[in-house]
Amino acid sequence: MTSPPADDWLIVDALELSRWDRELLLELREGNVSCVHVTCAFWESARDTLSRLGQMLSLIRTNADLVTHVRSVADIENARRSGRTGILLGFQNASPLEDDIELAGAFHALGVRVVQLTYNNQNHVGSSCYESADAGLSRFGRLVIGELNELGMAIDLSHVGDRTSLEAIELSQAPVAITHANPRWFHDVPRNRPDDVLRACAARGGVVGVCIYPLVLPEGAGCDWPQFRDMLLRLADQIGVEHVGIGTDFARKQPAEFLAWLRAGRWTRQPQDVGEPAWPEWLPTPAAFPQLAGRLLDAGFSDSEARGIMGENWLRFFRTVFQEEGACT
């Protein structure tokens with residue numbers, strides 16, 4: 001395998017939901033990760049989300065030698081120059097907005113920059129990928145799209161229903177993201193994205209973050225590198241390599257009860273038997289990102305194409321979507 005590239009590469013992971021501590025932050029630094037999108041809400045109300053945000057901001061402050069809070073592309077670039085990882089805060093559900101459009105601006109002021117429209121259930125905004133019938137964006141959802149565009153917050157469609165996704169792409173004045181999903185032709189599960197959504201996302205300037213969570217892989221964690229490599233090559237041909245990135249969905253150190261809550265929330269009594277995810281042997285932790293970059297070069301991607309997949313494509317997307325501010329320290 002090609003030797004891991006030099007540490008001047010920009011590496012962005014568009015989604016992780018790990019149980020963060022200093023050991024995991026050190027893994028990010030070992031992997032030369034310049035920016036990671038961190039989930040701060042799944043099913044939470046606005047009030048509960050404030051607590052989650054407070055905990056994450058406290059972790060950043062107490063580990064300021066390793067990480068920094070990013071609100072803009074300038075902050076990502078400053079994190080990279082300072083040898084730290086930029087923490088980009090986001091939601092995997094619009095539940096923190098409740099039914100109040102003004103809350104989007106409040107969370108933006110706190111540094112949230114990514115909002116996934118739905119998680120695994122229909123909400124005030126639209127339908128999830130698991131609904132048997134997708135009614136598309138609600139009236140409120142259409143207003144939310146406009147508000148997120150105006151604020152410079154990225155719209156994420158990873159768990160969103162197909163019709164709701166297509167309507168969001170058409171309505172949005174800015175590119176949208178699929179931060180952590182694979183093509184449905186690679187593994188036919190609702191969480192993966194169909195061809196029309198992938199193509200529409202790319203056509204409007206969006207980026208698709210390919211994902212290693214076992215549920216979205218054929219054979220789960222047993223999915224080998226040649227399978228994943230071939231998917232990457234085909235996806236790059238399908239939508240353009242400039243629209244492909246990485247979004248691992250790493251859930252490191254998360255206990256089984258938390259993962260069960262992710263599936264069930266408070267909306268069902270059905271037991272959720274969920275063990276800690278296993279990860280493919282070719283990317284077991286974020287520390288292995290440089291080796292992944294080498295694998296991309298071996299797969300036939302050019303230096304510029306591999307750099308794009310590893311992070312530059314996400315940086316371009318963020319530069320288009322975010323309203324730039326002065327860098328924070």
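Along the axis of the charge dipole computed for the chain (Cβ charges of +1 for Lys and Arg, -1 for Asp and Glu, origin at the Cα centre), the listed residues V115, N78, M56 are led at the positive end by M56.
Tell me the mean residue ellipticity at 222 nm calculated for the chain from its helices only (DSSP H runs of n ≥ 4, each -39500 (n - 2.57), averaged over every residue, nearest 500).
After summing the helix terms and dividing by residue count, I get -11000 deg cm²/dmol.
Report note on the peptides 258-267, 190-199, 205-214: ranked by the mean count of other C-beta atoms within 10 Å, highest first, their order is 205-214, 190-199, 258-267.
Dipole magnitude of the chain about its Cα centre, charges +1 at Lys/Arg Cβ and -1 at Asp/Glu Cβ only, in debye to the nearest 20?
340 debye
When the charge dipole of the range 186-279 is built from unit charges on Cβ atoms (+1 for Lys and Arg, -1 for Asp and Glu) and taken about the Cα centre, the candidate among P218, T268, Q254 whose Cα reaches farthest toward its positive end is T268. Spread over its residues, the convex hull of the C-alpha atoms of the range 108-197 is 88 Å³ per residue. Among L117, L137, L66, the residue with the largest mean-square fluctuation in a Gaussian network model of the chain, with springs joining Cα atoms closer than 10 Å, is L66. Rolling a 1.4 Å probe over the heavy atoms of the protein chains gives the chain an accessible area of 39 Å² per residue.
Sorted largest first, the principal axis extents computed over the alpha-carbon atoms of the range 32-109 equal 40, 22, 17 Å. Using Cα springs under 10 Å in a Gaussian network model of the chain, which residue among C201, C223, C35 shows the largest mean-square fluctuation? Comparing C201, C223, C35 in the GNM, the peak value goes to C223. In terms of packing, defined here as the mean over residues of other Cβ atoms within 10 angstrom, the peptides 177-188, 92-103 line up highest first as 177-188, 92-103.
Using a Gaussian network model of the chain in which every pair of alpha carbons under 10 angstrom is joined by a spring, one finds that among H159, H124, H37 the greatest mean-square fluctuation is at H124. Taking 0.36 nm per residue of separation and subtracting the Cα-Cα distance, full extension of the segment from R269 to D188 would add 26.5 nm.
Within the set (1) 82, 54, 46; (2) 74, 51, 38; (3) 51, 43, 40, the number that Cα extents along the principal axes in Å takes when calculated for this structure is listed as (3).
The values are calculated or read from the model by the stated rules, or taken from the named source; none is laboratory data. The model shown is predicted, which means the values in this text are computed figures rather than measured ones. Cβ atoms come from the backbone with ideal geometry, glycine included; neighbour counts cover every protein chain shown. SASA here: full protein model, heavy atoms, side chains in, ligands and nucleic acids out. Shrake-Rupley method; radii C 1.70, N 1.55, O 1.52, S 1.80 Å.
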